[in-house]
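The next block holds one structure in the form of structure tokens; read it before the comments.
The values are calculated or read from the model by the stated rules, or taken from the named source; none is laboratory data. For clarity, every value in this text was computed on a predicted model and none was experimentally measured. So basically every Cβ, Gly included, is an ideal-geometry build from the backbone, and we count neighbours across all protein chains shown. Surface areas here come from the heavy atoms of the whole protein model, side chains and all, with no ligands, DNA or RNA. Shrake-Rupley method; radii C 1.70, N 1.55, O 1.52, S 1.80 Å.
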Amino acid sequence: MPQTKIKKRKRLSRDEREQQIIDEAVRYFAEVGFDGQTRELARRLGISQPLLFRYFPTKGDIVKRVYEEVYLRRWQPQWEDLLSDRSRPLSDRLNQFYHEYTNAIFEFEWVRILVFSGIKGVTLYQQYLKLIHDKVLDRICTELREEHNFPDLKKTPLTEREFDLAWNLHGGIFYIAIRKFIYGSEKRENFDAAIEDSIAVFLAGAPTVFEAILED
């Protein structure tokens, strides 16, 4: 009887092993949250915990790389230029940005990891909110002022109430993903119309409120 040859497992390079660990960590934390143990993560990877710690000495190191993988690598610097491009109407810029942005983030792992990190107070949540505040909401408020000839920022800095309105727009769009990936109540795959409606409502109402805020 011929002997069955045992297929040797491919030996991974250090970079390949690191990426394998992070890919599985993203899936694992998205499923169970940040209370998940490194022992279980190692088991799912089919490696020992000591080997896991040779690549990432602490759980915090793994979480940091998960943040970079899930959030920073998906952020497109050209979005900042898009939002500030005054050669185009603000409505066009907002629609293009939110269509591209939601295409990048409306995924099971991305949404659940962000929610879990907020619940546990993991610092990546605060880091991501700061990124959105500085690179998205600040530009939306600035461009809305410019489009409607409201007071110059050098004379009148942006107010918290203006940021609140921009947060309402951004948060409302993100809530679509919450309904889909957290509550499981949203079955649609295409949200273009919902995003466009949210932007239209914001642009129709926000200028009136901005004007009232700036007159106070």
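Here is how the numbers come out for the structure above:
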item	result
Residues being touching a helix residue (DSSP H, G or I) at 6+ places or on another chain (Cβ under 7 Å), more than 18 Å from Y98 (Cα to Cα) and open to solvent by 60 Å² or more (accessible area, probe 1.4 Å) - total across the range 145-170	4
Residue list for the range 107-126, filter: assigned to a helix (DSSP H, G or I), in contact with a Phe, Trp or Tyr (Cβ under 7 Å, 6 or more places away or on another chain) and either open to solvent by less than 40 Å² (accessible area, probe 1.4 Å) or among the polar types (S, T, N, Q) (or both)	V111, I113, L114, S117, G118, L124
Neighbours by Cβ (under 6 Å, 6+ apart or cross-chain): first from the range 25-45, free of Cβ contacts under 8 Å to residues at least 24 places away in the same chain and more than 16 Å from F116 (Cβ to Cβ); second open to solvent by 20 Å² or more (accessible area, probe 1.4 Å) and aliphatic (A, V, I, L, M)	none
Candidates A193, A212, A200, A206, filtered to the one that is out of contact with any His (no Cβ under 6 Å at 6 or more places or on another chain) and open to solvent by less than 40 Å² (accessible area, probe 1.4 Å)	A206
Cross-chain or 6+ apart pairs with Cβ under 9 Å, the range 118-139 first and under 14 Å from L72 (Cα atoms), then modelled with pLDDT of 95 or more and charged (D, E, K, R)	K135/E80
Condition broken by K187, with the remaining ones in (1) assigned to a helix (DSSP H, G or I); (2) free of Cβ contacts under 8 Å to residues at least 24 places away in the same chain; (3) under 21 Å from the mean Cα position of the chain (by Cα) satisfied	(1)
